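One structure is given below, encoded as structure tokens.
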Amino acid sequence: MENDREALAELERLGLRKVPVTVAGTTVVVGFNREGLARLFKLEGATEAGRADTWLFSTLDKVLEAVIRAALQVPPNRLSWHTPDRNRPLKVFCYHILADPSHVLDAIESQKYDGSFKFTYEEAAGRFPTMDALAQFGEQTRIRLSQAAEELTEALLDRPIEGYAGATNGHELLRHVLSHTAHHLRQLYEMLRAIGVEPIRPLGEEDFKGIRLPESLW
């Protein structure tokens, strides 16, 4: 790029600043993305497992519904109970779970995912005095995801996103937030039990099938 002004100009027209970049027609693959390159060139063994498809959106919605159901079980006198994984109030933890899918949708739109929202959880959670109010916020997140499932195109999901951990795209971020939400839901179930509340209609292993989850709960 330093010695080829035309190539640099072409890269800038794509809205990119980093290499390597592979372009074929209207499809752009940033970095050495094995899955993206395999799909682009239809290489043997390439699959659609990594795509943000109907299954992903419907599964994420099911998990969010379960998070809201569990959050509503938190007694009013336990909103400030600190979670065992870190010094974080339970209400802030629930807000964090319900807000992150919207942060991903914001990133798909802006093509930036700098992680700055991580420093706003406690202040933002303060807008919701009760779990009922927080649950309503969660329902708004579900509505936004439902609309995104209808409106987001492959081209939009394939667009490069400048992430705080490196280059990414909408497919990868949505897969990540599904894993993240499901993992925190399992933790939330254990937190409820720790304060003497048995989760109502908890999701089971079959519901988590197909979601990448860490082996350790904590």
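Couple of notes before you dig in:
- Consider segment 172-205 and keep the residues that are part of a loop (DSSP other than H, G, I, E, B) and of a type in the set (A, V, I, L, M). The one that is surrounded by the most Cβ atoms within 10 Å (Cβ to Cβ) is LEU203.
- Test result for GLU172, under 16 Å from LEU60 (Cβ atoms) and free of Cβ contacts under 8 Å to residues at least 60 places away in the same chain: no
- ALA52 being of a type in the set (A, V, I, L, M), within 29 Å of GLU172 (Cβ to Cβ) and modelled with pLDDT of 95 or more: no
- Number of residues in segment 95-151 that are over 19 Å from HIS180 (Cβ atoms) and among the aliphatic types (A, V, I, L, M) equals 4.
- Identity of the residue in segment 206-218, without any contact (Cβ under 8 Å) to a residue 24 or more places away in the chain and not hydroxyl-bearing (Ser, Thr, Tyr), that ends up surrounded by the fewest Cβ atoms within 10 Å (Cβ to Cβ): GLU215
- Test: residue in segment 149-163 that is closer than 20 Å to LYS118 by Cα, in contact (Cβ under 8 Å) with a residue 60 or more places away in the chain and basic (Lys, Arg): no
- Of all residues in segment 107-123, those that are among the basic types (Lys, Arg) have Cβ atoms under 8 Å from Cβ atoms of residues that are surrounded by 14 or more Cβ atoms within 10 Å (Cβ to Cβ) and not in a helix (DSSP H, G or I), 6 or more apart or on another chain, in LYS112/ILE161; LYS112/GLU162.
- The residues in segment 74-133 that are touching a strand residue (DSSP E or B) at 6+ places or on another chain (Cβ under 9 Å) and of a type in the set (Gly, Ala, Ser) can be counted, and the count is 5.
- The number of residues in segment 108-150 being aliphatic (A, V, I, L, M) and under 18 Å from PHE93 (Cβ atoms) comes to 6.
- Tally, over segment 45-81, of residues that are surrounded by 13 or more Cβ atoms within 10 Å (Cβ to Cβ), without any contact (Cβ under 8 Å) to a residue 40 or more places away in the chain and over 13 Å from LEU178 (Cβ atoms): 1
- Residues in segment 51-80 that are more than 24 Å from VAL92 (Cβ to Cβ) and not in a loop (DSSP other than H, G, I, E, B): THR54, TRP55, LEU56, PHE57, SER58, THR59.
The values are calculated or read from the model by the stated rules, or taken from the named source; none is laboratory data. Keep in mind that this is a model prediction, so the values were computed, not measured. Neighbour counts run over all protein chains shown; Cβ positions are idealised from the backbone, glycine included.
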